[in-house]
Amino acid sequence: MADHRVGKRGQFIGSSGMLFIDQTAADLYFANYFETENENRRVAVVCIAWSMAMLYVQEGVRGDDEWAHAGAALITINVQDHGVQPPHAVASVPPVTQAAIAGTQALHRINGHWIPGKRLPWHRRITVTRQRNQEMHYHQPEERGPDHVPFFVPKPRPQNANPPPAYKTFQKLTLGSQVSNYRRIQSIDNGGNNGAGGN
């Protein structure tokens, strides 16, 4: 059986998209998604404002599209703020973001309900662990569609997908921010349909 544990040096699992308010990522589970028949829990992160995200916990059953808020489980998640990163960039970080402390309580309206969570300000180095350093499970999610759907969370990619989806077990999640301007190249047909105004 393959060893899916991540070593102490860690491994990147990609970015958590924060392109629009209410965009949500939830690919970190308390137990293996495919091996758990009963209720499971997962860590969800939602963008609540430009430069601010919120962590909360959901519970549900494999295959269900709707997972419920698991408020009582929030106390089992430890969030530690290690300060603005990189330290010399403090002057370029908005004051409201500098003033926020990771792990402090936040509220956000999700699907019509006020849900409590823990603040995750951008431009910080933040670590997230479970009580007693219990394991978490990362399952690579299916790709999102082109539409901006609030609170939509893609399911884990099927185990028999080609190429096989990434699956890792770990004990500590480190969050950080990076600013990147994307580059895109494309061809333009003779009719000019993909010119300056094209997609």
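Of the residues making up the stretch 139-176, those that are β-branched (Val, Ile, Thr), at pLDDT below 95 and over 14 Å from the mean Cα position of the chain (by Cα) number 1.
Taking first residues from the stretch 160-185 that are under 28 Å from Asn133 (Cα atoms) and partners that are modelled with pLDDT of 95 or more and of a type in the set (Phe, Trp, Tyr), the Cβ contacts under 9 Å between residues at least 6 apart in sequence or on separate chains come to Ala166/Tyr138; Tyr167/Tyr33; Tyr167/Phe34; Tyr167/Tyr138; Lys168/Tyr138; Thr169/Tyr138; Phe170/Tyr138; Leu173/Tyr138.
Yes/no matrix, rows are residues, columns are (1) touching a helix residue (DSSP H, G or I) at 6+ places or on another chain (Cβ under 9 Å); (2) part of a strand (DSSP E or B); (3) among the hydrophobic types (A, V, I, L, M, F, W, C):
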residue	(1), (2), (3)
Gly117	yes, yes, no
Thr129	no, yes, no
His137	no, yes, no
Ser187	no, no, no
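Scanning the stretch 14-56 for residues that are aliphatic (A, V, I, L, M) and either modelled with pLDDT of 95 or more or within 10 Å of the chain's Cα centre (by Cα) (or both) gives Met18, Ala25, Ala26, Leu28, Ala31, Val43, Ala44, Val45, Val46, Ala53, Met54, Leu55.
Does Ile126 satisfy being out of contact with any Pro (no Cβ under 9 Å at 6 or more places or on another chain) and hydrophobic (A, V, I, L, M, F, W, C)? Yes, satisfied.
Taking the stated definitions as given, is Arg144 in contact (Cβ under 8 Å) with a residue 60 or more places away in the chain and either in a loop (DSSP other than H, G, I, E, B) or more than 14 Å from Cys47 (Cα to Cα) (or both)? So Arg144 fits the description; yes. A search for C-beta distances below 9 Å between a residue of the stretch 127-141 that is within 10 Å of Ile77 (Cα to Cα) and in contact (Cβ under 8 Å) with a residue 12 or more places away in the chain and any residue that is basic (Lys, Arg) and assigned to a strand (DSSP E or B), counting only pairs 6+ apart in sequence or on different chains, returns Val128/Lys118; Val128/Lys172; Thr129/Lys172; Asn133/Lys172. Ala2 fulfils the conditions (1) more than 16 Å from the chain's Cα centre (by Cα); (2) at pLDDT 95 or above; (3) not acidic (Asp, Glu) except for a single criterion, (2). Filter the stretch 57-110 down to residues that are at pLDDT below 90 and under 30 Å from Thr36 (Cβ atoms) and give me whichever is surrounded by the most Cβ atoms within 10 Å (Cβ to Cβ). Checked the stretch 57-110; the qualifying residue surrounded by the most Cβ atoms within 10 Å (Cβ to Cβ) is Asp64.
The values are calculated or read from the model by the stated rules, or taken from the named source; none is laboratory data. These figures come from a predicted structure and were not determined experimentally. As a convention, Cβ positions derive from the backbone with ideal geometry for all residues, glycine included, and neighbour counts pool all protein chains shown.
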